[in-house]
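Student: Before I ask anything, let me first share the structure, which is written out below as structure tokens.
Quick note: the coordinates plus some simple rules give every number you see, no bench work behind them. All figures in this text were calculated on a predicted structure; none of them were measured in a lab. Every residue, glycine among them, receives a Cβ derived from its backbone with ideal geometry; neighbour counts consider all protein chains shown.
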Amino acid sequence: AARGADERGRGVAVVASASEGRAVVTLSGYGEPPGDRVRQLWLMRPGAEPRSLGLFDGDTPLIASGLNRAATSLAVTVEPAGGSALPTSGPVVQLALESVGFGE
């Protein structure tokens, strides 16, 4: 498991299995995004474009699958309703996966 938080106490927690290529990602303290925006989870890998892992529904944990061991981090961005094909803004939070067995 890995956890990260910012100076305002908002954070992200990940419980992941590199052998199964799955992760459960939980956001806390962010509330609802403004307007018709959504929070989107991305898999970050070296030398590859970010890959969407899905959209958060408030503080409900998001189950991500299909993660390969080359994954280096997960990032969360705020995107237009319905999500985006690629991130349109910088991450509001990013968490390295090295401590949970990824990044090989």
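Student: How much length is gained if the chain between Thr72 and Arg51 is pulled fully straight, taking 0.36 nm per residue apart and subtracting their Cα-Cα distance, in nm to one decimal? Present the calculation step by step, with values, prior to reporting the outcome.
Tutor: Numbers: separation 21, 0.36 × 21 = 7.56 nm, distance 1.21 nm.
So the chain would gain 6.3 nm between Thr72 and Arg51.
Student: Could you tell me how far the Cα centroid of segment 11-25 sits from the Cα centroid of segment 63-92, in Å?
Tutor: Rounded to whole Å, the Cα centres lie 14 Å apart.
Student: What distance in nm separates the two pseudo spin-label positions at Asp6 and Leu86, each 7 Å out from Cα along the beta-carbon direction?
Tutor: Rounded to a tenth, the inter-label distance reads 2.4 nm.
Student: Using only the alpha carbons of the chain, determine the length spanned along each of the three principal axes and report them from longest to shortest in whole angstroms.
Tutor: So the extents along the principal axes, rounded to whole Å, are 38, 28, 21.
Student: At a threshold of 8 angstrom on Cα-Cα distance, excluding pairs fewer than six apart, so keeping six or more, what relative contact order does segment 18-104 reach in percent?
Tutor: Details: 179 pairs, mean separation 28.5, N = 87.
Computed over segment 18-104, the figure is 33 percent.
Student: Which residue fluctuates most in the GNM of the chain (Cα springs below 10 Å): Thr88, Thr72, Thr26?
Tutor: Largest GNM mean-square fluctuation: Thr88.
Student: Once the dipole of the chain is set up with Lys and Arg at +1 and Asp and Glu at -1 on Cβ about the Cα centre, which of Gly83, Val14, Leu67 lies farthest towards its positive end?
Tutor: Result: Leu67.
Student: Another question about this same structure. Would you kindly state how much longer the chain becomes between Ile63 and Thr26 on full extension, computed as 0.36 nm times their sequence separation minus their alpha carbon distance, in nm to one decimal?
Tutor: Numbers: separation 37, 0.36 × 37 = 13.32 nm, distance 0.89 nm.
Length difference between fully extended and current span is 12.4 nm.
Student: Charges at C-beta only: +1 for Lys and Arg, -1 for Asp and Glu. How large is the resulting dipole of segment 2-100 about its Cα centre, in Debye rounded to 20?
Tutor: Values: 9 positive and 10 negative charges, 46 e Å.
In total the dipole reaches around 220 debye.
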